[in-house]
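The values are calculated or read from the model by the stated rules, or taken from the named source; none is laboratory data. What you see is a predicted model, and the numbers here were worked out from it, not measured in a lab. Here the Cβ positions follow ideal geometry from the backbone for every residue, glycine too, while neighbour counts run over all protein chains shown. What goes into the accessible areas is simple: the full protein's heavy atoms, side chains included, and nothing from ligands, DNA or RNA. Shrake-Rupley method; radii C 1.70, N 1.55, O 1.52, S 1.80 Å.
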Amino acid sequence: MNDVNTTGADRLSRRMERGCAFLGSEMAIMAGAMSWVSERNLVAAMSNAGGFGLIACGAMKPALLDAEIAATKALTVRPFGVNLITMHPQLDELIAVCARHSVGHVVLAGGLPPKGALEAIKASGAKVICFAPTLALAKKLIRSGVDALVIEGMEAGGHIGPVSTSVLAQEMLPDIADKVPVFVAGGIGRGEAIAGYLDMGAAGVQLGTRFVCATECVAHPNFKRAFIRASARDAVASVQIDPRLPVIPVRALKNAGGELFTAKQREVAQRLDESAVAMVEAQLEIEHYWAGALRRAVIDGDVEHGSVMAGQSVGMVTKEEPIADIIAQLMAQAADALRARAA
């Protein structure tokens with residue numbers, strides 16, 4: 001069919017067809033896994049609205065993940081996935097929990113999958129999605145058998161890499177989009193951007209920040225208000241104080257919590273100097289600090305001293321509204337952009 005003679009919605013549907021078929025959803029829009037935020041309520045609401053929700057396992061123990069998956073299944077009959085952190089000490093047990101629940105999609109985040117992880121997930125019948133921060137790593141992951149990739153730029157919230165989404169998309173999509181479905185993430189807040197990445201070959205997109213102020217999100221009202229009040233410039237990346245502490249930069253809203261994290265790094269570095277703590281313990285202490293700081297903000301509502309992780313698209317979050325409305329707006333904007341482009 002000639003693209004000029006079809007509606008924007010038809011063009012959008014065709015461009016999302018591959019991503020939808022892979023995810024089993026109506027729309028190829030994934031809700032990024034955000035610790036303490038992406039739990040049963042937001043995940044189920046996302047899938048019920050036609051998108052694809054992801055449970056953020058984070059530091060959950062196997063029993064807790066088991067309960068969370070079961071609770072999510074009680075809220076939706078539609079597909080959803082689970083995001084696991086590759087460095088989790090109980091990764092094998094978490095994979096087994098996903099298998100018992102017949103979870104169809106498992107996302108591995110936080111680094112290269114350890115030996116045996118891909119095989120264990122695929123043996124359960126689930127599809128494996130991994131993050132690829134570079135083209136070389138993307139090709140390596142494809143050779144290893146991953147089923148899809150997420151390329152996420154530094155505009156995103158939470159742990160980030162050094163390269164922008166637009167540059168990653170230009171560099172990577174021409175080489176890998178024909179090999180596996182690729183979902184673009186980082187800094188996406190409107191449908192026009194979605195349309196652009198789909199036109200470049202992406203199978204779909206992943207958004208996180210845009211969904212934090214969904215009505216169904218359990219984040220504390222203070223956390224949501226901080227998002228609504230913030231501008232893009234307020235979402236800044238953390239600074240690494242000591243090269244011995246491999247602190248992956250984290251993007252969050254500027255507050256006293258950022259200064260506290262800097263002080264925490266100095267404290268841990270000093271104890272390293274004094275041989276009062278081993279390197280592995282020091283690194284874990286930094287990670288545990290982030291987990292606790294995020295919980296203080298999301299659950300307790302301490303947005304001054306906690307970590308308010310947010311992407312630079314936070315300036316496009318202007319109110320609290322149902323997730324179905326957010327998705328409908330994104331789809332309408334994307335369809336209009338494709339229609340105008342064809343015209």
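When E155 is tested against the conditions (1) open to solvent by 10 Å² or more (accessible area, probe 1.4 Å); (2) of a type outside the set (V, I, T); (3) assigned to a helix (DSSP H, G or I), the lone failure is (3).
Residues in segment 19-44 that are surrounded by fewer than 24 Cβ atoms within 10 Å (Cβ to Cβ) and assigned to a helix (DSSP H, G or I) were compared, and the one that is farthest from the chain's Cα centre (by Cα) is A21.
Scanning segment 1-60 for residues that are among the charged types (D, E, K, R) and either more than 30 Å from E287 (Cα to Cα) or at pLDDT below 95 (or both) turns up D3, D10, R11, R14, R15, E17, R18, E26.
Would you mind stating whether L112 is without any contact (Cβ under 8 Å) to a residue 60 or more places away in the chain, under 21 Å from L149 (Cα atoms) and buried (at least 20 other Cβ atoms within 10 Å of the Cβ)? So L112 does not fit the description; no.
P89 falls short on exactly one of the conditions (1) outside any loop (DSSP other than H, G, I, E, B); (2) farther than 21 Å from S25 by Cβ, and that condition is (1). When segment 318-337 is filtered for residues that are buried (at least 24 other Cβ atoms within 10 Å of the Cβ) and in contact with a Ser or Thr (Cβ under 9 Å, 6 or more places away or on another chain), only I323 remains. The set of residues from segment 45-70 being open to solvent by 20 Å² or more (accessible area, probe 1.4 Å), of a type in the set (A, V, I, L, M) and in a helix (DSSP H, G or I) comprises A63, L64, A67, A70. If you go through segment 217-246 and keep only what is open to solvent by 60 Å² or more (accessible area, probe 1.4 Å) and either more than 15 Å from G311 (Cβ to Cβ) or at pLDDT below 95 (or both), you end up with V218, P221, R225, R229, V239, Q240, I241, P243, R244, P246. Each residue in segment 158-180 was checked for being open to solvent by 50 Å² or more (accessible area, probe 1.4 Å), under 14 Å from R251 (Cα atoms) and touching a Leu at 6+ places or on another chain (Cβ under 9 Å), and 0 pass.
Cβ-Cβ contacts under 9 Å between residues 6 or more apart (or on different chains), taken from a first residue in segment 287-304 that is farther than 16 Å from R251 by Cβ and at pLDDT 95 or above to a second residue that is β-branched (V, I, T) and crowded, with 16+ Cβ neighbours inside 10 Å, are listed as R296/V303.
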